[in-house]
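Trainee: One structure, as structure tokens, below. Some questions next.
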Amino acid sequence: MNVVTLHFPSVFETAFGNMENTAKDLLNGIKVKKDNAWYMVGNLARHNGINPSRVTNATPAEEDFDILFRAALVNLAPRLQQPITVTIGFPFSTYHAFKQMAEQYLSKRHFMVEYDSHTFNVKGQVKREVFDIEKFEVIPEIVGGIIGLKHIVTNPVPQNFMVLSFGFGTLEGIMVSDASLVHRTAFSTHGLRYAIHNLTQELNKKYYLELKNEHQLDDVFMKGSIFANRRRVDITETRKELLQQYYQKVVSPSMRAYFTDRDLELCEKIYILGGGAHYAELVQLVEDEFKDLMPIEVVAQPERVASVGYLYNSLRLSDNYPNRCAGIDLGNAFSALSFFSENVTNLDFKA
């Protein structure tokens with residue numbers, strides 16, 4: 001596949017003081033300016049900040065979206081020709097509310113982004129990059145995921161299948177038929193944030209969490225351990241229990257509410273996308289429920305699938321100018337930026 005995807009944590013914090021030589025490269029040393037303030041973004045904020053965070057499911061009118069979008073553009077600057085074509089998306093739960101705001105934001109078309117390269121270069125400087133967005137589209141995140149999986153999976157995709165996308169803020173599901181999306185089956189509900197909130201409640205019974213926010217506790221949840229009272233505490237068993245509770249209380253009831261027996265009869269496979277697909281315990285729970293009905297497949301690098309789908313949608317919009325295309329997924333946990341490697345031509349779009 002001729003697609004490159006970059007990731008950075010979707011967190012930021014106001015930057016103060018000297019931050020020279022605190023990162024190895026631009027992706028890990030993102031420092032951008034908005035209005036009169038500088039912000040550390042991504043790994044730079046996670047490693048150097050005190051309370052790096054963002055608003056979950058922020059609207060395009062909030063600074064959280066603007067700062068992360070600027071950080072994305074800075075990293076895409078050396079990799080794309082201009083003017084660029086961009087696709088972004090939102091979960092079904094926020095898509096209709098946010099779509100018009102996002103289109104208004106992107107319709108400015110001309111973006112000037114100021115960033116500081118001192119963070120990763122001893123001879124760095126404050127730089128300004130100008131971006132021209134020629135074409136753009138805002139689509140549902142699950143649609144981006146479906147487009148992405150059709151370009152990522154190596155085996156033929158069946159005519160009828162289901163998709164589950166496990167994100168930090170939102171879990172989404174839908175059935176896809178040989179004709180189109182089956183909108184009757186589309187649902188959005190609580191993402192892994194549900195389990196992380198319950199983890200916080202459990203840990204607070206025994207440990208002082210040093211005012212960790214939910215994004216920092218998401219890191220704890222992924223690692224399976226936390227340092228408390230100067231020692232490492234293993235939470236893998238607690239995580240397993242919380243994921244099981246999350247599946248029983250949220251995931252399974254949602255699927256039962258939206259997927260009928262007729263749907264199950266027609267479908268040939270369930271594809272699992274999103275960062276939550278990395279939790280083997282969660283995938284196992286899906287397999288246990290559907291083992292007698294259909295196979296389960298975790299799409300390779302599941303956290304990048306939506307951004308890859310956005311990228312191919314941009315290719316469709318651009319009239320096949322791949323070197324001008326980007327797919328930007330400003331996720332609640334991580335942001336993913338997908339683009340085509342150099343000298344790519346004549347790519348096919350799979351709807």
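The values are calculated or read from the model by the stated rules, or taken from the named source; none is laboratory data. In this text, all values refer to a predicted model and were calculated from it rather than measured experimentally. Note that each Cβ is placed from the backbone with ideal geometry, even for glycine, and that neighbours are counted across all protein chains shown. With ligands, DNA and RNA removed, areas are computed over all heavy atoms of the protein, side chains included. Shrake-Rupley method; radii C 1.70, N 1.55, O 1.52, S 1.80 Å.
Trainee: Please list K291, K269 from largest to smallest accessible area, probe radius 1.4 Å, with all protein chains kept in place.
Mentor: Putting K291, K269 in descending order of accessible area: K291, K269.
Trainee: Which whole-Hz couplings ³J(HN,Hα) result when phi for each residue of the stretch 32-39 is put into the Karplus expression 6.51 cos²θ - 1.76 cosθ + 1.60, θ = phi - 60°, listed in order with x for Gly and Pro?
Mentor: Karplus-based 3J(HN,Hα) across the stretch 32-39 equals 10, 10, 10, 6, 10, 10, 9, 10 Hz.
Trainee: Amide H to amide H under 5 Å from L171: which residues, 5+ apart in sequence or cross-chain, H placed 1.01 Å off N in plane?
Mentor: T189, H190, G191
Trainee: For the stretch 251-349, give the magnitude of the charge dipole about the Cα centre (Cβ charges: +1 Lys/Arg, -1 Asp/Glu; no others), in debye to the nearest 20. Kindly include the intermediate steps, with their values, before the conclusion.
Mentor: On the way: 7 positive and 15 negative charges, 82 e Å.
Roughly 400 debye, rounded to the nearest 20.
Trainee: How big, on average over all directions, is the shadow cast by the Cα convex hull of the stretch 1-69, in nm²?
Mentor: That works out to 5.9 nm², a quarter of the Cα hull's surface.
Trainee: Here's a follow-up. Can you compute log10 of I(q)/I(0) for the stretch 69-146 with the Debye formula, treating each Cα as one identical point scatterer, at q = 0.15, 0.23 Å⁻¹?
Mentor: -0.63, -1.07
Trainee: Give the range of the longest stretch in the chain that excludes all chymotrypsin sites (Phe, Trp or Tyr not before Pro) found in loop regions by DSSP and having at most 15 other beta-carbon atoms within 10 Å.
Mentor: 17-206
Trainee: Give the Cα extents of the stretch 214-306 along the principal axes, in whole Å, largest first.
Mentor: The principal-axis extents, from largest down, are 54, 27, 21 Å.
Trainee: Based solely on its DSSP helices, what 222 nm [θ] is calculated for the chain when runs of n ≥ 4 H residues each add -39,500 (n - 2.57) and the sum is averaged over all residues, nearest 500 deg cm²/dmol?
Mentor: After summing the helix terms and dividing by residue count, I get -10000 deg cm²/dmol.
Trainee: With a probe of 1.4 Å, find how much accessible area the chain has per residue, and write the answer as a whole number in Å².
Mentor: Per-residue accessible area for the chain comes out at 46 Å².
Trainee: Using a 1.4 Å probe on the protein chains only, how many percent of the accessible area of the chain belongs to carbon and sulfur?
Mentor: It is 45 percent, rounded to a whole number.
Trainee: Could I ask something else about it? Between H197 and V130, what is the spin-label point distance in nm, taking each point 7 Å from the Cα along the Cα→C-beta axis?
Mentor: Output for this residue pair reads 4.6 nm.
Trainee: Work out the charge dipole of the chain with +1 on the Cβ of Lys and Arg and -1 on the Cβ of Asp and Glu about the Cα centre, then indicate which of P140, T154, N204 is farthest towards its positive end.
Mentor: Checking the options against the dipole of the chain, the answer is N204.
Trainee: Which cross-chain or sequence-distant (5 or more) residues have an amide H under 5 Å from the amide H of F136, H modelled 1.01 Å from N in plane?
Mentor: Here V86 satisfy the definition.
Trainee: Over the stretch 196-248, what relative contact order in percent results from Cα pairs under 8 Å that are six or more residues apart? If you can, show how the numbers build up before the last one.
Mentor: Details: 34 pairs, mean separation 17.2, N = 53.
It comes to 32 percent, rounded to a whole number.
Trainee: With Rg and Dmax of the Cα atoms in Å in mind, check (1) 29.5, 94; (2) 20.5, 64; (3) 25.1, 107 and report the label derived from this structure.
Mentor: Only one option fits the structure, namely (2).
Trainee: Using Cα pairs under 8 angstrom and six or more residues apart, how large is the relative contact order of the chain, in percent?
Mentor: Value for the chain: 23 percent.
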